[in-house]
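*Asks:* Handing you this structure, nothing more for now.
The values are calculated or read from the model by the stated rules, or taken from the named source; none is laboratory data. Values in this document were obtained by computation on a predicted structure and should not be read as measured data. All Cβ positions, glycine included, derive from the backbone under ideal geometry; neighbour counts span all protein chains shown.
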Amino acid sequence: MKIPEDQQHKPVVKVEHYDQIDGRNALHTDAKALSLGLDPEKNPNDIIGAIWHEHADSSMAAEEMPLTRILDMAILTAQSSLYFQEAYRHEKFYDPENPLIDIIGIQGNRMTAEINTENPTIDPDILTFYDTLQKNGELIGERYKILKRLLEDLGY
């Protein structure tokens with residue numbers, strides 16, 4: 001599926017046929033492409049990531065996010081995976097008295113990752129989250145290995 005060229009988002013790097021590798025959704029997803037590019041009108045100072053979705057009428061729409069947010073989500077994902085490797089040690093898979101996962105220093109401030117104890121259904125939700133993380137371990141692990149290799153190649 002070709003990415004439309006008449007959008008505000010100006011793709012510079014693209015992945016077409018993303019629907020073939022979209023995790024457990026592969027071959028059954030409306031996410032058809034990924035791109036990194038520019039959006040000079042809305043975000044002139046950011047690189048923007050976009051997930052391109054195909055609608056029933058075959059039109060395409062992009063779900064956009066600045067690159068720093070994409071990386072922050074990757075950081076949160078990795079930190080959460082690390083937390084859930086040991087979460088079984090808690091009866092509820094978290095400590096209700098101390099729901100902190102970690103404080104991550106970033107951009108001269110901090111990103112505090114914690115279990116959302118304000119969620120009224122957190123107890124069953126966290127078990128479902130944990131089970132889903134376990135079921136998708138191979139898919140997630142493959143992506144972590146690729147990220148590790150690329151970060152090492154970049155000198156990190």
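*Asks:* Take Ala61 and tell me if it is closer than 13 Å to Pro4 by Cβ, hydrophobic (A, V, I, L, M, F, W, C) and exposed (fewer than 15 other Cβ atoms within 10 Å of the Cβ).
*Replies:* Yes, satisfied.
*Asks:* Starting from residues that are over 20 Å from Met73 (Cα atoms) and of a type in the set (Ser, Thr, Tyr), keep the ones in the range 85-116 and report whichever is surrounded by the fewest Cβ atoms within 10 Å (Cβ to Cβ).
*Replies:* For the range 85-116, the residue satisfying everything is Tyr88.
*Asks:* Another one. Whether any residue in the range 126-143 is of a type in the set (Phe, Trp, Tyr) and closer than 28 Å to Asp39 by Cα is what I want to check.
*Replies:* Among the residues of the range 126-143, not one is of a type in the set (Phe, Trp, Tyr) and closer than 28 Å to Asp39 by Cα, which makes the answer no.
*Asks:* Now for a separate question. Give just the number: which of (1) of a type outside the set (Ser, Thr, Tyr); (2) part of a strand (DSSP E or B); (3) more than 20 Å from Asp131 (Cβ to Cβ); (4) touching a residue at least 12 places away in the same chain (Cβ under 8 Å) does Ile101 not satisfy?
*Replies:* With respect to (1) of a type outside the set (Ser, Thr, Tyr); (2) part of a strand (DSSP E or B); (3) more than 20 Å from Asp131 (Cβ to Cβ); (4) touching a residue at least 12 places away in the same chain (Cβ under 8 Å), Ile101 is out only on (3).
*Asks:* A further question follows. Only residues in the range 115-126 that are in the same structural domain as Lys92 (by TED's automatic domain parsing) count as the first member; pair them with residues that are not in a loop (DSSP other than H, G, I, E, B), Cβ under 7 angstrom, at least 6 apart or cross-chain, and list the lot.
*Replies:* Short answer, once both residue conditions are applied: Ile115/Ile101; Ile115/Ile122; Ile115/Ile126; Asn116/Ile122; Asn119/Asp125.
*Asks:* Checking the structure you have, find out if any residue of the range 129-145 is in contact with an Asp or Glu (Cβ under 8 Å, 6 or more places away or on another chain), over 24 Å from His17 (Cα atoms), surrounded by 15 or more Cβ atoms within 10 Å (Cβ to Cβ) and not assigned by TED's automatic domain parsing to the domain that holds Ala26.
*Replies:* no
*Asks:* For the range 1-78, which fully contained strands (runs of 3 or more DSSP E) count at least 2 residues that are closer than 29 Å to Ala113 by Cα and not hydroxyl-bearing (Ser, Thr, Tyr)?
*Replies:* Where strands (runs of 3 or more DSSP E) fall fully within the range 1-78 and carry at least 2 residues being closer than 29 Å to Ala113 by Cα and not hydroxyl-bearing (Ser, Thr, Tyr), they are 31-39, 43-54, 60-66.
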